[in-house]
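Reading through the structure tokens given below for one structure.
FYI, it's all coordinate maths here, none of it is from the lab. A quick note: this is a predicted structure, and the numbers were derived from the prediction, not measured. Cβ sites come from the backbone with ideal geometry, for glycine too, and all protein chains shown count toward neighbours.
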Ligand code: SF4
Ligand code: SF4
Ligand code: SF4
């Protein structure tokens, strides 16, 4: 396409990415990047697909599930902060974190149930326990966590309302178990923050699966910085020292784990993390996390700065979850992300002399 | 819990206590004529509703598109020219020269209906143009990703070694959809298909969609198997391209067929799913293909995600420990 007489002086452009789909069943595509992206690190093999149609199916999950990934992390970190507040005598941090944990975990559970094809059957999640199913393991973790977080938060609500909840003789029981309940929730906090990474990793969705080794570290870091951010928003600075520490540790973990993950993943399967909507969300999530972390470090003792940094951290975590979630769905929609990494690894195994484990055989 | 990967007997892994032979398909795509009798038979027997709009997809004679919640058999059509035929022949020859080991002694050929036994099944050797047709179906994997990740136990291993969803147990969580390395199982939408033709009113009232919101896929006609019947698709197949029987016999028949085709010079023939050492422990539905799997929309090197689950749990455990340590450090470290 020529637009002006000076076009002939432009440097030549690489060929455009051809749309597959269309007419030919065995069309090939891939060029060497279009300049706006990094050059891929492996030579592009020839690649054919069935009319450009996906090979694997994306999980039928809507934004509700991404919201749950975020809220579950907030709840988990909050329960840890609450337990810390409980053990080190920080009553306001303890109260706010407990309330935050219950709110987040309840809203998250509602989002999860809403996303089911048959929401009225959500209790079927608990009709069995299956170690091979991260969803099953996670449902039990979520239930155990919610029990502790619920009791601890109700005790706080009762105290805030001046013992006016109609509890009767149960009040003594409640006050006796609220401490242990808070600790119980904290015990299940880590698993609650980490299992969602296994849930995504244990799928045939190319980007999630390729990320399975580092994703748990990304997710627990994200949970730490998000819950610390929430505490910095809700709680006066005199009690949020530990939250600020946790925020900084979370940001460090998040940025490092994300970088290591991107580096160790199959380069083709990692592409969706850098492209389109998901790429933009992850880029902003990193910026916000770093900004929030710096704000916490430099001005965390100032109430306003602390609150703004907290908000930045919460948004960073939400963007991380949405970005990873969206990148996975995107990788399932394009057959390239299924076929190319698989062809590459098959070829690599064959080159290394392993020929007995291919699904395609000559005899 | 049985093995997570590698060769195994899935029925025994699932703690069935009898010696029911594993059932399976051998789909010989070299004699498929693309009539779609299997698609129709499956729809009818299983009362599967219409899948999406009635539209022409512009992909040769395939207007079904792909396997899905309401499409449990899907016939793929691929048109190829000379270049691609030569390439396929080369890639097939390369597979033969890898010299993959045969497992077990050859058994007598599987039974083929007598009236077709004498038929000449050599695919026509057209050097510059060919149609590939292949009837795809759930693979009933030895290590089924869908089944492994199902949290409710709705998906289960039958006594025939097949993988089936229990409609009244599934809560539509959708985990299995992402867990299948072949993109087979799908959650059925509530089925509000909009028919975009002028005959709107004729199609406006679709019958109510059964099992909406529930994951659906081929059951290998479980209801027919318990009655000792052949699955509807295999029964309807006029060319015996879809063969049904004991899994071991199917694999043996597949090996004989591919050797036969190679002997006739058709080196593009290859088997898909007959190797129990592959990433899913071999499939219950074995295919004979005439080109690379991805040409048919099949993954070239599928691996059941659960094979890596122990490692994932270990990594998650480390992350949990890290999170606890970070929290402890946050409270104990900086009191300043
Ligand atoms: S092909 Fe997919 S749906 Fe069928 S048994 Fe294997 S994992 Fe399950
Ligand atoms: S959608 Fe149904 S069959 Fe699939 S994993 Fe969830 S409960 Fe199991
Ligand atoms: S075995 Fe039965 S359910 Fe499966 S594709 Fe054939 S007809 Fe359909």
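For the list (1) buried (at least 24 other Cβ atoms within 10 Å of the Cβ); (2) facing another protein chain (nearest Cβ under 10 Å); (3) more than 15 Å from ligand 3 (Cβ to nearest atom), I need the number of the one condition that residue B:146 fails.
Evaluating residue B:146 over (1) buried (at least 24 other Cβ atoms within 10 Å of the Cβ); (2) facing another protein chain (nearest Cβ under 10 Å); (3) more than 15 Å from ligand 3 (Cβ to nearest atom) leaves (3) as the failure.
Can you name the condition, by its number, that residue B:312 falls short on among (1) without any contact (Cβ under 8 Å) to a residue 40 or more places away in the chain; (2) assigned to a loop (DSSP other than H, G, I, E, B); (3) crowded, with 24+ Cβ neighbours inside 10 Å?
Result: residue B:312 passes all but (2).
Starting from the range B:29-54, take each residue that is in contact (Cβ under 8 Å) with a residue 12 or more places away in the chain and more than 14 Å from chain A (Cβ to nearest Cβ) and list its partners that are part of a loop (DSSP other than H, G, I, E, B) and near ligand 3 (Cβ under 9 Å from one of its atoms), counting only C-beta distances under 6 angstrom and pairs at least six apart or across chains.
Note: pairs meeting the criteria are B:42/B:72.
Do you know which of the residues in the range A:231-257 that are outside any helix (DSSP H, G or I) and more than 11 Å from chain B (Cβ to nearest Cβ) is nearest to the chain's Cα centre (by Cα)? Don't jump to the end; show me each part of the working.
The first filter runs over the range A:231-257 and keeps only residues outside any helix (DSSP H, G or I), leaving A:235-236, A:240.
Add one more test, that the residue is more than 11 Å from chain B (Cβ to nearest Cβ), and what stays is A:235-236.
Details: A:235: 25, A:236: 28 Å.
Checking each candidate, the answer is A:235.
Looking for whichever is out of contact with any helix residue (DSSP H, G or I) (no Cβ under 9 Å at 6 or more places or on another chain), surrounded by 23 or more Cβ atoms within 10 Å (Cβ to Cβ) and within 27 Å of residue B:77 (Cβ to Cβ) here; the options are B:298, B:290. Which one fits? Working first, answer last.
Working: B:290 fails: out of contact with any helix residue (DSSP H, G or I) (no Cβ under 9 Å at 6 or more places or on another chain).
After applying the criteria, what remains is B:298.
Is there a residue being buried (at least 16 other Cβ atoms within 10 Å of the Cβ), more than 19 Å from the chain's Cα centre (by Cα) and either on the phi > 0 side of the Ramachandran plot or touching a residue at least 60 places away in the same chain (Cβ under 8 Å) (or both) anywhere in the range B:61-78?
no
Among the residues of the range B:158-168, how many are surrounded by fewer than 21 Cβ atoms within 10 Å (Cβ to Cβ) and either within 10 Å of ligand 2 (Cβ to nearest atom) or part of a strand (DSSP E or B) (or both)? Break it down into steps so the answer makes sense when it comes.
Taking the range B:158-168 first, the residues surrounded by fewer than 21 Cβ atoms within 10 Å (Cβ to Cβ) are B:159, B:166-168.
In the following step, the residues that additionally are either within 10 Å of ligand 2 (Cβ to nearest atom) or part of a strand (DSSP E or B) (or both) were identified as B:166-167.
Number of matching residues: 2.
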